[in-house]
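Asks: Sharing a structure, written as structure tokens. Questions coming.
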Amino acid sequence: MGQQQLLLLVIGVIIAGLAVVSGITAFQEKMRQMEMDHIVNRNLKIASAAALWKTKRDPYDGGNASYSGLSENGLARLNLEVDTGRAVFELTEADGQSLIITGVSTEYPEIGARTYVDSYDVDSTIVSFDSDYTIE
């Protein structure tokens with residue numbers, strides 16, 4: 001009877017160990033997804049602020065219907081910080097009618113997102129978990 005109890009104890013420990021390992025893996029994946037959600041949300045906030053800035057006229061510190069004024073130091077002009085503590089953001093490209101916003105995680109550098117804005121509309125957001133996007 002002692003061997004059966006010992007066998008049950010060993011099997012119970014193995015099952016508990018597998019459950020802990022799978023829980024840790026699920027937690028890490030959820031954290032990566034939350035990081036991506038933060039980056040996409042911030043990209044959309046930047047796109048919204050840029051579209052509002054574009055609608056303003058020049059005497060009111062606006063873009064005069066063009067994103068080209070955001071090509072250099074654009075986030076500072078929008079009064080938004082580059083580094084949020086969780087990710088770093090940059091206006092990768094800004095011309096008359098289009099804008100590209102890139103965000104890269106600081107904790108998981110392989111996670112990044114790029115948002116494309118055309119006129120006043122968000123055209124698309126492409127996310128990557130494979131280090132496709134970088135910020136210099």
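The values are calculated or read from the model by the stated rules, or taken from the named source; none is laboratory data. Remember, predicted model here, so these are calculated numbers, not experimental data. Every residue, glycine among them, receives a Cβ derived from its backbone with ideal geometry; neighbour counts consider all protein chains shown.
Asks: Take the residues in the range 110-122 that are free of Cβ contacts under 8 Å to residues at least 24 places away in the same chain and loosely packed, with under 15 Cβ neighbours inside 10 Å; name whichever of them is farthest from T55 (Cα to Cα).
Replies: E110
Asks: Which condition number in (1) over 20 Å from S131 (Cβ atoms); (2) in contact with a Phe, Trp or Tyr (Cβ under 8 Å, 6 or more places away or on another chain) is the one that G112 fails?
Replies: (1)
Asks: In the range 75-94, how many are surrounded by 14 or more Cβ atoms within 10 Å (Cβ to Cβ) and closer than 20 Å to H38 by Cβ? I'd like the intermediate steps shown before the answer.
Replies: Within the range 75-94, the subset surrounded by 14 or more Cβ atoms within 10 Å (Cβ to Cβ) is 75, 77-78, 80, 82, 84, 86-94.
Subsequent filtering for residues that are closer than 20 Å to H38 by Cβ retains 75, 78, 80, 82, 84, 86-92.
Residues flagged as surrounded by 14 or more Cβ atoms within 10 Å (Cβ to Cβ) and closer than 20 Å to H38 by Cβ within the range 75-94 amount to 12.
Asks: Separate question: Of everything in the range 107-136 that's of a type in the set (A, V, I, L, M) and out of contact with any helix residue (DSSP H, G or I) (no Cβ under 8 Å at 6 or more places or on another chain), which residue is modelled with the lowest pLDDT? Please lay out each step first, then the result.
Replies: We begin by selecting, within the range 107-136, every residue of a type in the set (A, V, I, L, M); these are 111, 113, 117, 122, 126-127, 135.
With the extra rule that they be out of contact with any helix residue (DSSP H, G or I) (no Cβ under 8 Å at 6 or more places or on another chain), the set shrinks to 126, 135.
Working: I126: 96, I135: 86.
Only one residue fits best here, namely I135.
Asks: State which residue is farthest from T55 (Cα to Cα) when the search covers only the range 124-136 and only residues that are surrounded by 13 or more Cβ atoms within 10 Å (Cβ to Cβ) and in contact (Cβ under 8 Å) with a residue 24 or more places away in the chain.
Replies: F129
Asks: Somewhere in the range 51-69, is a residue crowded, with 17+ Cβ neighbours inside 10 Å, hydroxyl-bearing (S, T, Y) and under 17 Å from E136 (Cα atoms)?
Replies: no
Residue-wise test of (1) of a type in the set (D, E); (2) under 13 Å from the mean Cα position of the chain (by Cα); (3) in a helix (DSSP H, G or I).
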residue	(1), (2), (3)
L18	no, no, yes
F27	no, no, yes
D37	yes, yes, yes
L44	no, yes, yes
W53	no, no, yes
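Asks: Can you tell me how many residues in the range 59-90 are without any contact (Cβ under 8 Å) to a residue 40 or more places away in the chain and among the basic types (K, R)? Outline the logic, then answer.
Replies: Applying the first criterion (without any contact (Cβ under 8 Å) to a residue 40 or more places away in the chain) to the range 59-90 yields 59-66, 68-83, 85.
Narrowing the set further to residues that are among the basic types (K, R) leaves 77.
Within the range 59-90, residues that are without any contact (Cβ under 8 Å) to a residue 40 or more places away in the chain and among the basic types (K, R) number 1.
Asks: Among the residues of the range 81-95, write down those that are in contact with a Lys or Arg (Cβ under 8 Å, 6 or more places away or on another chain), part of a loop (DSSP other than H, G, I, E, B) and not hydroxyl-bearing (S, T, Y). Break it down into steps so the answer makes sense when it comes.
Replies: Step one: of the range 81-95, the residues in contact with a Lys or Arg (Cβ under 8 Å, 6 or more places away or on another chain) are 84, 87, 89, 92.
Right, trim to part of a loop (DSSP other than H, G, I, E, B) and you get 84.
Passing the criteria: none in range.
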